[in-house]
Amino acid sequence: MKLRLAFLIPVALAACSPAKQAEHPPLEGARIGGPFTLTDQNGRPASDRDFAGKYRIMYFGYTFCPDVCPLDMQNIGAALKIVEKEQPAVGARVVPVFVTIDPARDNPAVLRQFVAAFHPRMIGLTGTPDEIAKVAKEYAIYYARGKGSAGGYLMDHSRAAYLMAPDGKPIALLSQEGPPRKIADEIERWAK
């Protein structure tokens, strides 16, 4: 019995030790993302393959959004600038991507002006309504046109910014609340 007890005590102590276990990304294994081909802010075709080997922040919104989309883009752009300053090699591998859920109004020219206001490397993507619907579904994004006139309507949509790995798999959902520092910390935590 004493021999058994002598063996179990070190095992029990090892199990209780605060040794840090490997962290897994919160969205590891989630079915978010997929292949796409859309049109960028310069009117050129852009696909998921264009971002291979880079981390990307995927955000879905619309340029006519009166409140959350511009604020979220401002925070994402500012967070990426923090990462670029603190960890230039990591920052250079992160591409912020804004995908419109309002392709009727968000043509390349509108997107070009919008994304340029937030980060010099931010990419704006648009497409046909069917192309946008397909991509939004792949990223589990809800959106619907609200009431209003032909040119003066709002869009209802979910609010999510995904950090995607260089292989296109989801890593984490970035915070939309709080300062850019919080977003930068999350990027620096997962992007290597």
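Listing for the model above:
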item: Any hit, segment 142-156, residues being acidic (Asp, Glu) and touching a Ser or Thr at 6+ places or on another chain (Cβ under 8 Å); result: no
item: Residue 184 outside any strand (DSSP E or B) and crowded, with 17+ Cβ neighbours inside 10 Å; result: yes
item: Failed item in (1) touching a Ser or Thr at 6+ places or on another chain (Cβ under 7 Å); (2) in a helix (DSSP H, G or I); (3) surrounded by 21 or more Cβ atoms within 10 Å (Cβ to Cβ), with residue 75 passing the rest; result: (1)
item: Filter result for the condition that a residue is surrounded by fewer than 21 Cβ atoms within 10 Å (Cβ to Cβ) and in contact with a strand residue (DSSP E or B) (Cβ under 9 Å, 6 or more places away or on another chain), over 102, 67, 48, 106; result: 48
item: Residue among 87, 113, 21 that is at pLDDT below 95 and out of contact with any Lys or Arg (no Cβ under 7 Å at 6 or more places or on another chain); result: 21
item: Check on residue 92, exposed (fewer than 14 other Cβ atoms within 10 Å of the Cβ), more than 12 Å from the chain's Cα centre (by Cα) and either closer than 25 Å to residue 34 by Cβ or among the aliphatic types (A, V, I, L, M) (or both); result: yes
item: Matching residues, segment 32-72, being assigned to a helix (DSSP H, G or I) and either more than 23 Å from residue 180 (Cβ to Cβ) or aromatic (Phe, Trp, Tyr) (or both); result: 48, 49, 50, 51
item: Boolean, residue 183 is over 20 Å from residue 77 (Cα atoms), of a type outside the set (Phe, Trp, Tyr) and in contact with a Ser or Thr (Cβ under 7 Å, 6 or more places away or on another chain); result: no
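Residues are listed down the side, and each one gets a yes or a no for (1) more than 15 Å from the chain's Cα centre (by Cα); (2) assigned to a loop (DSSP other than H, G, I, E, B); (3) in contact (Cβ under 8 Å) with a residue 12 or more places away in the chain:
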{"residue": "102", "(1), (2), (3)": "yes, yes, yes"}
{"residue": "105", "(1), (2), (3)": "yes, yes, yes"}
{"residue": "110", "(1), (2), (3)": "yes, no, yes"}
{"residue": "114", "(1), (2), (3)": "yes, no, yes"}
{"residue": "121", "(1), (2), (3)": "no, yes, yes"}
{"residue": "133", "(1), (2), (3)": "yes, no, no"}
{"residue": "153", "(1), (2), (3)": "yes, yes, no"}
{"residue": "162", "(1), (2), (3)": "no, no, yes"}
{"residue": "168", "(1), (2), (3)": "no, yes, yes"}
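For (1) closer than 30 Å to residue 188 by Cα; (2) touching a Gly at 6+ places or on another chain (Cβ under 9 Å); (3) at pLDDT 95 or above; (4) among the polar types (S, T, N, Q), each residue gets a yes or a no:
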residue: 127; (1), (2), (3), (4): no, no, yes, no
residue: 141; (1), (2), (3), (4): yes, no, yes, no
residue: 145; (1), (2), (3), (4): no, no, no, no
residue: 148; (1), (2), (3), (4): no, no, no, no
residue: 163; (1), (2), (3), (4): yes, no, yes, no
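The values are calculated or read from the model by the stated rules, or taken from the named source; none is laboratory data. It should be emphasised that the depicted structure is a prediction, and the values quoted were computed from it without experimental measurement. Note: ideal-geometry Cβ built from the backbone for every residue, glycine included; neighbour counts use all protein chains shown.
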